[in-house]
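A.B. asks: Okay, here's the structure, questions in a sec.
The values are calculated or read from the model by the stated rules, or taken from the named source; none is laboratory data. Worth saying up front: this structure is predicted, and the values here are computed from it rather than measured. Note that each Cβ is placed from the backbone with ideal geometry, even for glycine, and that neighbours are counted across all protein chains shown. With ligands, DNA and RNA removed, areas are computed over all heavy atoms of the protein, side chains included. Shrake-Rupley method; radii C 1.70, N 1.55, O 1.52, S 1.80 Å.
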Amino acid sequence: NAGVTQTPKFRVLKTGQSMTLLCAQDMNHEYMYWYRQDPGMGLRLIHYSVGEGTTAKGEVPDGYNVSRLKKQNFLLGLESAAPSQTSVYFCASSYGADLPREQYFGPGTRLTVT
Amino acid sequence: QKEVEQDPGPLSVPEGAIVSLNCTYSNSAFQYFMWYRQYSRKGPELLMYTYSSGNKEDGRFTAQVDKSSKYISLFIRDSQPSDSATYLCAMSSIYNQGGKLIFGQGTELSVKP
């Protein structure tokens, strides 16, 4: 079991460029999440999905879009990157609504926007 | 005011010390309280969780929840250099849509040999 994987691991973008981050999980989890982590800010939820074909906004959704076309994959898109989107992005997944809702995290993607 | 507050540290202790990490929260609906450990340049991983009030022990780690004070703690006994990491508290209730967890800012811990 690979668990939760993320590609790419690192990326440098210029302002205005676009990119897609891919998250894949092999645990048959229903729920998936995208977070960003910035110094002193902890983990902030960008978007999440409670099942294939569904997505919802989290705490900081502006400037990002997501898609969940397959249960095992959750894509995060940046249409026009800005320096404020420089961050470490983590994907996570969980079984579903049953508590305690342990989330399993990927290794992260370090994104720099210049 | 954030729903969950955590002192970001950094916290530096000598090997063998007892470490206390804490979070306060404002939402009385929280029922599940988790501690995640995050090594440098890695994703967070669940260390332990507790339900409602009380204590839970796992080896050198003890988690405590005091719902009356809205305060949770993680104690590490006989701390080791391998415990050096960022520790994040996280909380959830049945009312959190989408199984969302609310995270604290994380406390960076360094255990010196």
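A.B. asks: Explain nothing, just the number: relative contact order of chain A, from Cα pairs under 8 Å at least 6 residues apart, as a whole percent.
C.D. replies: 35
A.B. asks: What is the interface area between chains A and B, defined as buried accessible area summed over both chains with a 1.4 Å probe, reported in Å² to the nearest 100?
C.D. replies: Chain pair A/B: roughly 1900 Å² of buried accessible area.
A.B. asks: Placing unit charges on C-beta atoms (Lys and Arg positive, Asp and Glu negative, everything else neutral), compute the dipole magnitude of region B:32-92 about its Cα centre in debye, rounded to 20.
C.D. replies: Result for region B:32-92 is approximately 160 debye, rounded to the nearest 20.
A.B. asks: A further question on this structure: How long is the protein assembly as shown along each principal axis, judged by its Cα atoms, biggest number first, in Å?
C.D. replies: 48, 39, 38
A.B. asks: Ok, one more. Placing unit charges on C-beta atoms (Lys and Arg positive, Asp and Glu negative, everything else neutral), compute the dipole magnitude of chain A about its Cα centre in debye, rounded to 20. It would help to have the intermediate numbers written out before the result.
C.D. replies: Details: 11 positive and 9 negative charges, 68 e Å.
With Lys and Arg at +1 and Asp and Glu at -1, about 320 debye.
A.B. asks: Something else now. Which parts of region A:80-114, residue by residue, lose 20 Å² or more of accessible area when the rest of the protein chains are there, as against the chain isolated (1.4 Å probe)?
C.D. replies: The answer is A:PHE90, A:LEU99, A:PRO100, A:ARG101, A:GLU102, A:GLN103, A:PHE105, A:PRO107, A:ARG110 - residues whose exposure falls by at least 20 Å² when every protein chain is included.
A.B. asks: Also, I was wondering about something else. Give me the net charge for the shell around B:ASN22: Cβ to Cβ below 10 angstrom, other residues only, Lys and Arg +1, Asp and Glu -1.
C.D. replies: Within the 10 Å Cβ shell, the charges total -2.
A.B. asks: Taking the Cα atoms of region A:51-114 alone, what are Rg (to one decimal) and Dmax (as a whole number) in Å?
C.D. replies: Looking at region A:51-114, its Cα Rg and Dmax stand at 13.2, 41 Å.
A.B. asks: Show me the ranking of peptides A:26-33, B:87-94 by mean Cβ neighbours inside 10 Å, starting with the highest.
C.D. replies: B:87-94, A:26-33
A.B. asks: Can you give the Rg/Rh ratio of chain A, where Rg is from the C-alpha atoms and Rh is the Kirkwood radius?
C.D. replies: 0.95
A.B. asks: Using the heavy atoms of the protein chains alone and a 1.4 angstrom probe, what is the accessible area of chain A per residue in square angstrom?
C.D. replies: That works out to 46 Å² per residue.
A.B. asks: What's the carbon and sulfur percent of region B:2-66's accessible surface, probe 1.4 angstrom, rounded to a whole number?
C.D. replies: Accessible surface attributable to carbon and sulfur in region B:2-66 totals 46 percent.
A.B. asks: Taking the Cα atoms of chain B, what is the range of coordinates along each of the three principal axes, in descending order and whole Å?
C.D. replies: Principal-axis extents of chain B (Cα, largest first): 43, 29, 23 Å.
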